[in-house]
Amino acid sequence: MKTPDFDVVIIGGSYAGLSAAMALGRAVRRVLILDSGQPCNRQTPHSHNLITQDGATPAHITAVAKEQVLAYPTVRFQAGTATAVMGESNSFVVETAAGEQFRARKILFATGVRDLLPAIPGFAESWGISVIHCRRWILASSSATGPGNSPCSPMAPLLSVRSSASSCKPSLLR
Ligand SMILES: Cc1cc2nc3c(=O)[nH]c(=O)nc-3n(C[C@H](O)[C@H](O)[C@H](O)COP(=O)(O)OP(=O)(O)OC[C@H]3O[C@@H](n4cnc5c(N)ncnc54)[C@H](O)[C@@H]3O)c2cc1C
């Protein structure tokens, strides 16, 4: 059996993967972050409700996080897509779409979630821009159109379609 290249391979290098890598890097673990560069929020222009980062772009948050994480010398970042994980505890092999193989004692999946969007023309292109998700609360401006614009809509718990950011007033939150 070959010696593992890494203590941990983290599959997914967005916020969750980078957070895990920081904790492991600080514990002087040999870590490889493997990331395909497709975070779920990649279309959204600005982040909100994240302390110190309100209004920042998702790419900026990731860039700062990556810089801080890669300051730990035992952490490495690799762009790529994991296509297979084989083996058993303390002896895993991760394969990538480019044909690379990485050996690790542990695998940490930080691959996020994939939003399944309805097949409405223009919906996917507007996701995170003018079609937003509001967990728990519905925020709909008077000029809003489309699914989810009524608290009674079947999609109301999931979606709010609004015409401008100004409709997202804290006073609407309960
Ligand atoms: C439109 C939208 C707007 C949002 N706005 C906000 C906001 O304003 N404020 C807020 O706090 N939260 C917001 N969120 C939520 C926030 O973006 C997520 O909670 C956060 O991105 C989750 O981080 P994650 O690392 O778990 O997953 P993700 O950010 O989705 O990252 C997963 C990573 O894993 C990679 N990956 C997946 N499979 C593989 C594979 N096989 N091999 C290699 N890499 C792989 C992907 O490329 C991606 O980089 C928003 C989400 C969306 C969809």
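The values are calculated or read from the model by the stated rules, or taken from the named source; none is laboratory data. In this text, all values refer to a predicted model and were calculated from it rather than measured experimentally. All Cβ positions, glycine included, derive from the backbone under ideal geometry; neighbour counts span all protein chains shown.
This table checks each residue for (1) assigned by TED's automatic domain parsing to the domain that holds Ser126; (2) among the charged types (D, E, K, R); (3) over 30 Å from Phe123 (Cβ atoms); (4) within 16 Å of the chain's Cα centre (by Cα).
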| residue | (1), (2), (3), (4) |
| --- | --- |
| Ala16 | no, no, no, yes |
| Gly25 | no, no, yes, no |
| Leu32 | no, no, yes, no |
| Asn41 | no, no, no, yes |
| Ala59 | no, no, no, yes |
| Lys66 | no, yes, yes, yes |
| Thr74 | no, no, yes, no |
Test: residue in the stretch 41-50 that is more than 19 Å from Phe6 (Cα to Cα), out of contact with any strand residue (DSSP E or B) (no Cβ under 8 Å at 6 or more places or on another chain), modelled with pLDDT of 95 or more and more than 9 Å from the ligand (Cβ to nearest atom): no
Selection status of Lys106, assigned to a helix (DSSP H, G or I), surrounded by 14 or more Cβ atoms within 10 Å (Cβ to Cβ) and of a type outside the set (A, V, I, L, M, F, W, C): no
Criterion violated by Val9 - all others in (1) in a strand (DSSP E or B); (2) on the phi > 0 side of the Ramachandran plot satisfied: (2)
Counted residues, the stretch 89-117 - those being on the phi < 0 side of the Ramachandran plot, away from the ligand (no atom under 13 Å from the Cβ) and modelled with pLDDT of 95 or more: 8
